[in-house]
Amino acid sequence: MAALRFDRVAGCPGLPDDHQAWNAALDFCDRSQLTLAFGVALDALLPGWVRKRIAGNLADNARRLDAIRALQSQVDQWLSAAGIEHLFLKGTTQWPHFLADPRVRMQYDLDVYCPAGDVRRAWDLLIAKGYEPLEEPGVHPTDHLPTLIRKTGWNWRGDYFDREIPLSIELHFQFWDEDTERLRAPGVEQFWERRVGQALDTPDALGYAALHLLRHLLRGSLSPYHAYELAWFLEHHARDTEFWRRWQSLHTPELRRLQGISFFLAREWFGCAVAPVADAETAGLPVAVNDWFEAFAVSPLEGLFHPNKDELWLHLSLLDSARDKLAVTRRRLLPMQLPGPIDAVCIPEEQLTFGMRVRSRARYLGFLAGRVVHHVRTVPALVRSGLRWRMRRGGLSRGYWMFLGASSFFNVGMFVYALLYNLHLIDLGFREDFVGQVSSATTAGCVLGAMPAALFARRYGLGKLLLASFAAVGGISVLRALVTGRAPLLGLSFVNGLIFAGIAVSLAPAIARLTSEEARATGFSVSTASSIALGILGGWLGGGLPGWLGGKRPALLAGCAITFLALWPASRLRIGPAPSEGSKIYPRSRFVVGFLAAFAIWNLATGSFNPFFNTYFARLRTPVERIGLIFSASQLAQVAALLAAPWVLKRLGIVSGTAVMMLATAVALGGLAAGPAGLGAAALYAVYAAFQWMSDPGMNTLLMGRVREAERGGAAALMMMVSFGAQFVASFAGGSSIARFGYPAVLACAAALAAIGAFAFRALPEKERAPAATSEPSHGDSESSTVRPATTA
């Protein structure tokens, strides 16, 4: 296929110089009707024996061309003498517009079009001339009557170029089968009125070729040669402005849209040039069609080796009616028609011996069993491709899922680290006040690193920023686990925050860029939920690793090792900078100011408790293994809440729904301030964590939807600066306050702040939009999101 591309570099890529490989390639070409075109395209580059073989095929096909022309002349005389109007489709009429030399086209039948009122007369006439139908009319839905053939006694001998293969005749009565395809092609009936002699007018010939290709594509029976001929036409007529102006004026928009799908496929497979008018049709195709080509463009080729029905998703995306979709799905998944005859079809009835009949019946049953197996084999592939298609159509791009997988390693390692690190500090003899200072140093680094991270991402792209941040955070975490001095620990915590800012800043703009506007809340929810779901695993590992490895320090190093596993998948991502829209990086508006003010209050509330949840339970004399279980249970609650968040936001609105979640968080904090013990404390903490993170998708969705795409990185940096700045103050003050006043007083203040933040957030406008339209994701980008751990490391 690469060798047949019109934009190819000379040579035959991918084929070793041995007979077995070449025989496999030639077998593919024979079955795809590409052999002669392949030989002409490469010629001197082919091995001598291959060139000789194709030269013989070309000579045999030239003889068949003479027979085809003779039959066409004979049929023309018969029909004309009977007063039956007709024209010829495909075949010899393809030259000179669809191929350079008619000898390179493999042809096994003669396609004749007659108006519906005359087609039965033509059928009866040909039967009277000695032709016989292969099956009864109406057995299989198509745009022609059953194939007619003369039974000469010939039987298949494995040679696609056999000169004695009888030529069949197909009598067409329509140019497009709307009843079967459930797609309208208005104006196609005018092809007959514009005929030139006994062939279609050139614009209509192109239209028919494109519709013919599309019909076979949607039915899973596309021959690559159909696409090659169309690509040849597009390549050699790309500069014919007058032709394309006439084509556009003759065909309706709906008809041009259907042709545009075939143009898209021809260009994808064969790299042909496309005239601006035709290119406009492909560019104007629905987003779903572009998505399908990006995901499944080569599926019809793969289906020759590994059965699939991926074309079903393209067909369904073109239909509006649920009834039509159901009819097409039923026909493709549960075909009710038996296949036609496949053996001894050219042997007259009187010449069929008993042995021939038994062999023919056995081969038919074998073929039928093979078709059943084929349809069964396609079911798992169809389920997989359906899930892939559903995710793509849901607005979440391939890049989104790529990074989500890569970030899983990072998050598991960091969850283990976050669970154990403060406990490790307690083991070293430090108290909560120093734990608060360490957390404050980390958040101070995040605050100072946010702006440089946004600038780095804008210049070099999120991909390089994320890869470097993953590696550096892992390395710094190793040092933090080994160092024991107060000053080095504070310094490393600050550096860790500087680096971690790159990950935190990339989260929101990456998800916004990789999701459609409709799916953005879902994207944030899935991203955060997946991170928290991994926290269940991280909490379990964090609770068990100290016992398995003999201490918290080896367990911390094991968490770092898991984090380093993220480097391999992360290195495969290619995330470019956001498109520039001027020099402004940071958004400036009253909305952004109000949002950041409410966000600051919220982070003051949650930052007063989040760094101390493990020490909170430790002071309640909870064993470390049970702390791990409590943490994992809270993660499970968070996952459930986050998956429900898009539904809540859709029902209540982004602003109102998020404010409700924030208020519920404040209530849970108040409950913890009351001093419950045992299961009561664990349950309230789970409720607190669930509603706290449930509000995260709404906040991110709101901010990213209200700023320009080029400002999203700056908006995320401001968001993180405010978040980490508030957490710096909260964790520093919280640690000192806990040491002096105890947990109940601090938690009561935190609950009050969370309630104030909820009401401040509710005061934000619900419907305001970004100053300029934001770009939706290009699903071809390998861009992805990151996920921040639920607690500060």
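The values are calculated or read from the model by the stated rules, or taken from the named source; none is laboratory data. Owing to the predicted nature of the structure, the values given are computational and were not obtained by experimental measurement. Counting neighbours? That spans all protein chains shown, and the Cβs are built from the backbone with ideal geometry, glycine included. Each accessible area value is taken on the protein alone, full model and side chains, heavy atoms only, with ligands, DNA and RNA left out. Shrake-Rupley method; radii C 1.70, N 1.55, O 1.52, S 1.80 Å.
For the range 502-557, residues that are surrounded by fewer than 24 Cβ atoms within 10 Å (Cβ to Cβ) and free of Cβ contacts under 8 Å to residues at least 60 places away in the same chain total 5. Here is the figure for the range 490-531: residues that are in a helix (DSSP H, G or I), within 29 Å of the chain's Cα centre (by Cα) and not basic (Lys, Arg) total 23.
Given the criteria in contact with a helix residue (DSSP H, G or I) (Cβ under 9 Å, 6 or more places away or on another chain) and either buried (at least 24 other Cβ atoms within 10 Å of the Cβ) or over 30 Å from Pro509 (Cα atoms) (or both), does Ala664 qualify?
Values: in contact with a helix residue (DSSP H, G or I) (Cβ under 9 Å, 6 or more places away or on another chain): yes; either buried (at least 24 other Cβ atoms within 10 Å of the Cβ) or over 30 Å from Pro509 (Cα atoms) (or both): no.
No: the conditions fail for Ala664.
Cβ-Cβ contacts under 7 Å between residues 6 or more apart (or on different chains), taken from a first residue in the range 62-83 that is under 20 Å from Arg120 (Cα atoms) to a second residue that is part of a loop (DSSP other than H, G, I, E, B), are listed as Leu71/Leu167; Asp76/Gln198; Trp78/Lys129; Leu79/His86.
Scan the range 200-218 and give yes if some residue there is within 29 Å of Ser73 (Cα to Cα), outside any helix (DSSP H, G or I) and of a type in the set (Val, Ile, Thr), otherwise no.
Looking for residues that are within 29 Å of Ser73 (Cα to Cα), outside any helix (DSSP H, G or I) and of a type in the set (Val, Ile, Thr), one finds none in the range 200-218, hence no.
Scanning the range 222-247 for residues that are charged (D, E, K, R) and either in a helix (DSSP H, G or I) or crowded, with 21+ Cβ neighbours inside 10 Å (or both) turns up Glu229, Glu235, Glu242, Arg245, Arg246.
For every residue, the table says whether it meets (1) in contact with a Lys or Arg (Cβ under 9 Å, 6 or more places away or on another chain); (2) polar (S, T, N, Q); (3) free of Cβ contacts under 8 Å to residues at least 60 places away in the same chain.
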{"position": "Thr615", "(1), (2), (3)": "no, yes, no"}
{"position": "Gln638", "(1), (2), (3)": "no, yes, no"}
{"position": "Gly657", "(1), (2), (3)": "yes, no, yes"}
{"position": "Gly671", "(1), (2), (3)": "no, no, yes"}
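Take the residues in the range 248-290 that are among the hydroxyl-bearing types (Ser, Thr, Tyr) and open to solvent by 30 Å² or more (accessible area, probe 1.4 Å); name whichever of them is farthest from the chain's Cα centre (by Cα). It comes out as Ser249.
Please find, among Arg357, Arg390, Arg371, the residue that is open to solvent by 80 Å² or more (accessible area, probe 1.4 Å), in a helix (DSSP H, G or I) and at pLDDT 80 or above. Residue meeting the stated conditions: Arg357.
Give the residues of the range 291-317 that are open to solvent by 40 Å² or more (accessible area, probe 1.4 Å) and either of a type in the set (Val, Ile, Thr) or touching a Ser or Thr at 6+ places or on another chain (Cβ under 9 Å) (or both), sorted by residue number.
Restricting attention to the range 291-317, the residues satisfying the condition of being open to solvent by 40 Å² or more (accessible area, probe 1.4 Å) are 294, 298, 302, 304-306, 313.
Once the filter is applied, which keeps residues that are open to solvent by 40 Å² or more (accessible area, probe 1.4 Å) and either of a type in the set (Val, Ile, Thr) or touching a Ser or Thr at 6+ places or on another chain (Cβ under 9 Å) (or both), the range 291-317 yields Val298, Leu304, Trp313.
Applying the set (1) over 18 Å from Ile347 (Cβ atoms); (2) without any contact (Cβ under 8 Å) to a residue 40 or more places away in the chain to Glu132 leaves exactly one unmet item: (1).
For the range 82-102, the criterion of a residue being aliphatic (A, V, I, L, M), surrounded by fewer than 17 Cβ atoms within 10 Å (Cβ to Cβ), assigned to a helix (DSSP H, G or I) and more than 45 Å from the chain's Cα centre (by Cα) is satisfied by no position. Return the pairs, sorted by first residue and then second, in which the second residue is assigned to a helix (DSSP H, G or I) and of a type in the set (Phe, Trp, Tyr), the first residue lies in the range 480-495 and is on the phi < 0 side of the Ramachandran plot and open to solvent by 30 Å² or more (accessible area, probe 1.4 Å), the beta carbons are less than 8 Å apart, and the residues are 6+ apart or on different chains. Here the result reads Arg486/Phe434, each pair linking the range 480-495 to a residue that is assigned to a helix (DSSP H, G or I) and of a type in the set (Phe, Trp, Tyr). Evaluated against (1) modelled with pLDDT of 85 or more; (2) open to solvent by 40 Å² or more (accessible area, probe 1.4 Å); (3) part of a helix (DSSP H, G or I), Asp320 falls short on exactly one condition, (3). Residues in the range 148-185 that are in contact (Cβ under 8 Å) with a residue 40 or more places away in the chain, touching a Ser or Thr at 6+ places or on another chain (Cβ under 7 Å) and assigned to a loop (DSSP other than H, G, I, E, B): Pro166 alone. Do you know which residues across the range 440-481 are closer than 17 Å to Ala508 by Cβ and of a type in the set (A, V, I, L, M, F, W, C)? Within the range 440-481, Cys446, Val447, Ala450, Met451, Ala453, Ala454, Leu455, Phe456, Ala457, Leu462, Leu465, Leu466 qualify.
Could we say that Phe415 is open to solvent by less than 10 Å² (accessible area, probe 1.4 Å), of a type outside the set (D, E, K, R) and under 38 Å from the mean Cα position of the chain (by Cα) here? For Phe415, the condition - open to solvent by less than 10 Å² (accessible area, probe 1.4 Å), of a type outside the set (D, E, K, R) and under 38 Å from the mean Cα position of the chain (by Cα) - is met. Here is the figure for the range 37-81: residues that are open to solvent by 80 Å² or more (accessible area, probe 1.4 Å) and in contact with a helix residue (DSSP H, G or I) (Cβ under 6 Å, 6 or more places away or on another chain) total 1.
Screening Phe6 with (1) in contact with an Asp or Glu (Cβ under 6 Å, 6 or more places away or on another chain); (2) part of a helix (DSSP H, G or I) gives one miss only, at (2).
Looking across the range 674-731, just one residue is farther than 19 Å from Ala752 by Cβ, polar (S, T, N, Q) and open to solvent by 10 Å² or more (accessible area, probe 1.4 Å), and that is Thr701. For the range 112-131, the set of residues classified as surrounded by fewer than 21 Cβ atoms within 10 Å (Cβ to Cβ) and under 26 Å from Gln33 (Cα atoms) consists of Tyr131 only. Within the range 558-574, which residues are in a helix (DSSP H, G or I) and either open to solvent by 20 Å² or more (accessible area, probe 1.4 Å) or hydrophobic (A, V, I, L, M, F, W, C) (or both)? Across the range 558-574, the qualifying residues are Ala558, Cys560, Ala561, Ile562, Phe564, Leu567, Trp568, Pro569, Ala570, Ser571.
In the range 163-221, how many are buried (at least 21 other Cβ atoms within 10 Å of the Cβ), among the acidic types (Asp, Glu) and over 24 Å from His375 (Cα atoms)? Going through the range 163-221 one residue at a time, the tally reaches 1.
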